[in-house]
Each structure stands twice: as C-alpha cells, then as structure tokens.
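All remarks here apply to the structure that follows.
The values are calculated or read from the model by the stated rules, or taken from the named source; none is laboratory data. Since the structure is predicted, the reported quantities are computational estimates derived from the model, not experimental observations. Ideal geometry is used to build each Cβ from the backbone, glycine not excepted, and the neighbour counts take in all protein chains shown. Areas reflect the complete protein model, heavy atoms only, side chains present, ligands, DNA and RNA absent. Shrake-Rupley method; radii C 1.70, N 1.55, O 1.52, S 1.80 Å.
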Amino acid sequence: MTTPLADVASSGATLRAFLHGLPGVDRVGADQRAKMLGTRSIKTTAKAEAIDLAIRMVDLTTLEGADTPGKVRAMCAKAAHPDPSDPSVPKVAAVCVYPDLVGLAVEALGGSGVKVASVATAFPSGRSSLEVKVADTALAVAAGADEIDMVIDRGAFLAGDYLKVYEEIVAIKAACGEAHLKVILETGELATYDNVRRASWLAMLAGGDFIKTSTGKVQPAATLPVTLIMLEAVRDFLAATGRKVGVKPAGGIRTTKDAIKMLVLVNETVGEGWLDPDWFRLGASTLLNDLLMQRQKMATGRYAGPDYFTLD
Amino acid sequence: MSDTQAVRLAVRKTYKLYIGGAFPRSESGRSYVVTSSKGDFLANASKASRKDARDAVSAARKAFAGWSGATAYNRGQILYRIAEMLEGRRAQFVAELTEAGTRKAKDAGGIVDAAIDRLVWYAGWSDKIAAVAGAANPVAGPYLNISSPEPTGVVAVIAPDEPLLGLVSVIAPVIVTGNTCVVVASERAPLPSITLAEVLATSDLPGGVVNVLTGSVKEIAPWLAAHMDVNAIDLTGVAEEDLAIACEQAAAENLKRVLRPSAPDWSADPGTKRMTAFLETKTVWHPTGI
C-alpha cells in the first residue's frame, strides 16, 4: 500500500490498485470458520439474552410490490410492540420500506423510538442513472427516513469500474444529509469472496455508515461466511482509519438459530463493541415471529405455535 | 468355499425415526434396547427427544395444507395404496410380530390381514364421511345451510401397545379425513411401527403427513400435549393414569381436542368415532332465491 488511504480514490487506477492489493480471502478457511462458529451452543439465560438482543437488532422489512398502507401500518405497530401480550418484549431497531411509504411509516411510528429505514437508488437492481438514484434518495429523506439502504451498481463493480461505484456512493451519502447510509453489496451477485472484501472496503472508503449483505431478492443472501468476511473488513477498516462501520446481514435469516449464529460470529470476529443495534442489524421479516416463539417457549416452557402471532 | 459363506454377517436394519418423509436418527443421538416378550435382544431403536417431537410437528404442519387440500378421492386412493404395499410386505410383518413374541406365528398372519383390511375399510370412508358427519340443515329463512366436516389440523397420536393392528387403527382414521399426525409408537414394541413407516414412505403418501417417533412416551407425550401448534391429541396408548391427566391438562392450554385413553378390542368393527373425533364442523349460510 503505497498510496495513503485518504488518496486511494483520487483516480480509477489507484482505487483499483488498492482494492486488488487487499489480501485474498481463503474461501475454504472462511467457510470452515463460519461453520465452526455456527456449532456453538447458546442455552438458557444466554439464549434469552441473545433472543432479546436479536429482537432489538431487527430491521423489520417489507419490500413487496404489493405493500399497502394497511400492511405498513400493521408492521409499524408490530415493530413498536412485537408481542402485544407481553410488554417485556423489546421493540425492534427499525422498519424498512420503499421510499413512497416512508411518510406513512414515520406517522405510524411517531414517538415510539423505532427508526424508519428506506431502500433507495432504484432498489433492488440499481439500474438507473445517478440523477434518478439521488432523486430517489432525496424523496425518502424528505419523507423523514432516518436511514437509507442503497444498492451499489453491481454491473459497474463487476466490470471493474470501481470509481463509478465509489462516486455513486459518495453522491448518495451527500444526498442523505443527516440520515445514516447503509450500502447493500448484494453479495449473491458478486461471485467471489475476494469481491465481497473489495466491495466492503469500497463502500466504507466512500463513506457508508453500514455495509449490508443483500437486498433479499437474490439467492444466496446473508450467508455466514459472507457476513464473516464483511465483519473482518469492518474490523480492519477501524484499525486502519479509526472509523467504526456497522454491518447488516439481510435475507435468508429465518430462525432464531440463524440469528444466534450471526451474533456468535459478531462476538468472535469484531467483539462486543458491535453487539448493539447501532452497529449490527438483522434485516428480516419472518425471523421476528420465530424469535417471539422461542421467547415464549423459554417463558412458558411449552412450544409456541405460529397461530398466536401476527403474520407479517 | 462353504467356510466363507458360513461367516457372512447378516446386514441388520437400523431402526430410525420417520420425520417429514425422511428417516433421521434422533437429534439427541440416543437409542434404547428393544427386546422380545421373552427378553431376547431384538434391536436398538432411536430414543426420540422433545426436539425430535418439535421437528415432527413442524413437518406435520408443513404437510397439512397439501394433504387437507387433496381431494377425498385422492386421499382414499393413497390409503388403499398403503394397504397394497402392506400386503406386499405381509411376510416381513408376520416374521417381525412373531420374533417380538407378541403373537404366535399362526395368529400373526391374521393380525397383518386385519391391519390391511382396516386400511382398505378406512380408505373407503374418505369420500363418504362428509355425507355421514355433514348435513344440509333446514333453517327458518331463505338460506341454503350446509355443515361439512373439516380436518382439525396436526394430531398427536400416542399409539397403543398392539404393534400393527392397533397402530394402523389409530393412524388411518386421523389421516383419511385430511389431518396430519405425529405418532409416538408403542414404547415396548416399536419396531413394526418403523417398518410401517417404510411402507408409508413408498405409498405416495406425502412426506410429513405421518411422522413416527419411537422412545419414551412419558418423556415425549407431555411436550406434544403442551405444544401450541398441535390441534388435537389421541391418548389411546397412554397407560399411566397420572400421565394421561397431566397430558389432558396441558392440552387444555390451546383447547386441543382430546381422545382419552382406552383399550378397545382392535379386531372389532371400529365405527366412525375415531374419524369424527378429529373433525370440526364448518357451517355455511348461503342466500337462496336471489
């Protein structure tokens, strides 16, 4: 690394040299480590704590073409009171909706302390001009979004045009103003773990506050090894620059066991400092019900059934 | 040459569980020794844990939509198919029942035949039970009023100690109407139930409609009775009175339908009681004359 970190984005060539100069990822090693950490047994009081923490980290998400105002209001009510029959259940971190529904979500959540996140930048494909992406972001911010989840231009990234991706993130970050920016890498489309590491660094260098695995529209989504690589990037970035970046795996995390595996991964890779909703989020929709069912199982001693929780 | 043949080791069957159409070992890794009525070693059977029971309930729930949505005609055909497959394995079941010592060789054949006939009998009921348990009700108004029996959902079944005929007699009436089930096999004689699971697995019966657990009834039954995603429980095979009472109390939490323990004569005509116990009546009012 001959160029100082602040200057790596001064030209396409230096950025490329820097990203390709990052150490390669040992694929077999990463898979094995993620798998090994997935076997940790978390039981009793530790499990109860982990479930509550996971609930506090959830970004309750609905990103469907069929989203109605009623569905968003219902989801907001659930975000503030995940289990109305049990007031001891903590509220989730945020709800995540499309930009045109942000105003509705802000109104529905007013004063509850649950943040509103919005996807933007021609989600989920990211196929549009920069002007349209900035306008999309501005729409969400103006409606009151606290957090913006943007997608990177995977086409440009895979074609090697890193500077274009970088400049797009910088432009969206500027359009965000006060709002937090989460950068979605869509790791399922990046093909290799080396690319995941490069995209993570690229997003952090460009000013992303969070790096997020996936849109949830592409399989595979938030796998354990990919999350591990992103957590390592975040740890290394903190050491190199002193700036702390959050991580959000999203998509495919459906069970309490999946969520707890993620928490173990966080604790073992970047440490307790990230075991907080400000630094680690879980993008999910069906996960919350499973967490609530497990929580009820621990409280009552009998297996819970899905009939007793709301659907979305 | 004859020496090498003499030392050939028999390939013995590993008796596992039957969950969601697959044959997994117990999640707990436990097994227990099954002996014949004379005390001779027969095999090691899997000893299911509460987590196996939970997995089995999930599998049964997943299978419910497809199975209850299948036509009665189709369900009847599949039950008949089970009978066909059982017929093809008649000799194996006769041998298994004889070895276990529960039946003498000359009686065992009759028991297997009765089990096959019982399946055919219930298969015939699939498209007739609605006519018997349902009705077109006369009402005081311009409405067509129809009551039809609907399957209850996931049924937990504690099977009786009668290894084949009793087992078939508790499973068939539950599934013929569209329910799915989790069966806890007889603790003393669990082996025929796993062999029966092999029959079910090759009978076009969708995976998860019947799930078979072997192990301690005392350990598993209370978890099934308390499970909020189980809609009914058949306690037929629960021998201890205390356990039956505890199960019935736990079942009250989500208003499960409960069939209390009993020891009927399995060779007698079963009637429709076991089918109607796991049916719910849906009544529809439809305006007429418009």
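Observations
- C-alpha long axis of helix B:191-201 to longest principal axis of chain B, angle in °: 60 degrees
- Pairs beyond 28 Å (Cα-Cα), from B:LYS38/B:LYS256; B:LYS51/B:LYS256; B:LYS47/B:LYS106; B:LYS51/B:LYS128; A:LYS297/B:LYS13: B:LYS38/B:LYS256; B:LYS47/B:LYS106; B:LYS51/B:LYS128; A:LYS297/B:LYS13
- Averaging the sequence gap over all C-alpha pairs within less than 8 Å and six or more residues apart, then dividing by the number of residues, gives region A:31-302 a relative contact order of 19 percent.
- Across chain A, counting alpha-carbon atoms alone, Rg and Dmax equal 19.0, 61 Å.
- Qualifying aspartates and glutamates (Cα of each under 20 Å from Cα of A:LYS91; at least 8 residues distant if same chain): A:GLU49, A:ASP52, A:ASP59, A:ASP83, A:GLU107, A:ASP146, A:GLU147, A:ASP258, A:ASP276, A:ASP278, A:ASP290, A:ASP312
- Within the shell of other residues whose beta carbon sits under 15 angstrom from the beta carbon of A:ARG295, the net charge comes to +3, with Lys and Arg scored +1 and Asp and Glu -1.
- Expressed per residue, the C-alpha convex hull volume of the protein assembly as shown stands at 222 Å³.
- GluC sites (Glu not before Pro) within region B:239-281, DSSP loop, no more than 16 other Cβ atoms inside 10 Å: B:GLU240
- The 3J(HN,Hα) values that the Karplus relation (6.51, -1.76, 1.60; θ = phi - 60°) gives for region A:210-222 are, in residue order, 9, 10, 10, 5, 8, 7, x, 9, 10, 9, x, 9, 7 Hz. Gly and Pro appear as x.
- Cα centre as origin, Lys/Arg/Asp/Glu Cβ charges: chain B dipole, Debye: 460 debye
- The slack in the chain from B:LYS62 to B:ARG257, taken as 0.36 nm per residue of separation less the alpha-carbon distance, amounts to 68.2 nm.
- By the rule of a C-alpha distance below 18 Å, with chain neighbours fewer than 8 residues away ignored, the lysines paired with A:LYS164 are A:LYS133, A:LYS173, A:LYS182.
- Note on region B:1-96: Rg/Rh from C-alpha atoms, Kirkwood Rh, equals 1.09.
- Selection of GluC sites (Glu not before Pro), region A:181-274, meeting DSSP coil and at most 10 other Cβ within 10 Å: none
- Distant-in-sequence amide contacts of B:GLU280, defined by a placed amide H-H separation under 5 Å and a gap of 5 or more residues or a different chain, comprise B:GLU150, B:THR152.
- Protein accessible area in region A:31-302, 1.4 Å probe - carbon and sulfur %: 53 percent
- Charged neighbours of B:GLY101, selected by a Cβ distance under 12 Å, balance to 0 (K, R count +1; D, E count -1).
- Built amide H within the under 5 Å cut-off of B:MET228, gap 5+: A:TYR303, A:ALA304, A:GLY305
- Degrees separating the helix B:241-251 axis from the principal Cα axis of chain B, which is the longest one: 50 degrees
- Helix A:44-57 vs. chain A, principal-axis angle (Cα, 0 to 90°, nearest 10): 60 degrees
- Within the protein assembly as shown, percent of DSSP bridges classed antiparallel, to nearest 5: 30 percent
- Area buried, chain B against chain A - accessible surface, total, 1.4 angstrom probe, square angstrom: 1000 Å²
- Accessible surface area normalised per residue over region B:171-290 is 40 Å², counting heavy atoms of protein chains with a 1.4 Å rolling probe.
- Theoretical ellipticity at 222 nm over chain B - DSSP helices of four or more residues, -39500 (n - 2.57) apiece, nearest 500: -13500 deg cm²/dmol
- The residues of region A:31-302 expose on average 38 square angstrom of accessible surface per residue, using a 1.4 Å probe on protein heavy atoms.
- Of the residues A:VAL183, A:TRP279, A:ALA105, the one whose Cα sits farthest toward the positive end of the charge dipole of region A:31-302, with +1 on the Cβ of Lys and Arg and -1 on the Cβ of Asp and Glu, is A:TRP279.
- Computed P(r) (all Cα pairs; chain B; 10 Å bins; percent): 7, 28, 34, 19, 7, 4, 1, 0, 0
- The calculated 222 nm mean residue ellipticity attributable to helices in chain A amounts to -15000 deg cm²/dmol, summing -39500 (n - 2.57) over DSSP H runs of n ≥ 4 and dividing by all residues.
- Most mobile listed residue (A:LYS248, A:LYS182, A:LYS257) in chain A, GNM with C-alpha springs under 10 Å: A:LYS257
- Amide H to amide H, with H built 1.01 Å from N, A:GLY246 comes under 5 Å of A:PHE210, A:ILE211, counting only residues 5 or more places away or on other chains.
- Region A:31-302, dipole about Cα centre (Lys/Arg Cβ +1, Asp/Glu Cβ -1), debye to the nearest 20: 900 debye
- Positive-end residue of A:PHE18, B:LEU42, A:THR300, charge dipole of the protein assembly as shown with Cβ unit charges: B:LEU42
- Phi-based couplings in Hz for region A:289-300 (Karplus 6.51, -1.76, 1.60; Gly and Pro marked x): 4, 5, 4, 5, 5, 5, 5, 5, 4, 5, 7, 9
- Phi to ³J(HN,Hα) by Karplus 6.51 cos²θ - 1.76 cosθ + 1.60 over region A:60-77, Hz, x for Gly, Pro: 6, 10, 9, 10, 10, x, 8, 4, 10, x, x, 5, 5, 4, 4, 5, 5, 4
- Size of electric dipole in region A:3-152: Cβ of Lys, Arg +1 and of Asp, Glu -1, about Cα centre, debye, nearest 20: 540 debye
- Among the residues of region B:201-229, those with an accessible-area drop of 20 Å² or more from chain alone to full protein complex, heavy atoms and 1.4 Å probe, are B:TRP223, B:ALA226, B:HIS227, B:MET228, B:ASP229.
- For the segment A:303-310, counting C-beta atoms of other chains within 10 Å of every residue's C-beta and taking the mean gives 5.
- Taking the 1.4 Å solvent-accessible surface of chain B as the whole, the part contributed by carbon and sulfur is 54%.
- Lys/Arg +1, Asp/Glu -1 at C-beta; the protein assembly as shown dipole; positive extreme among B:THR272, A:GLY252, B:LEU79: B:LEU79
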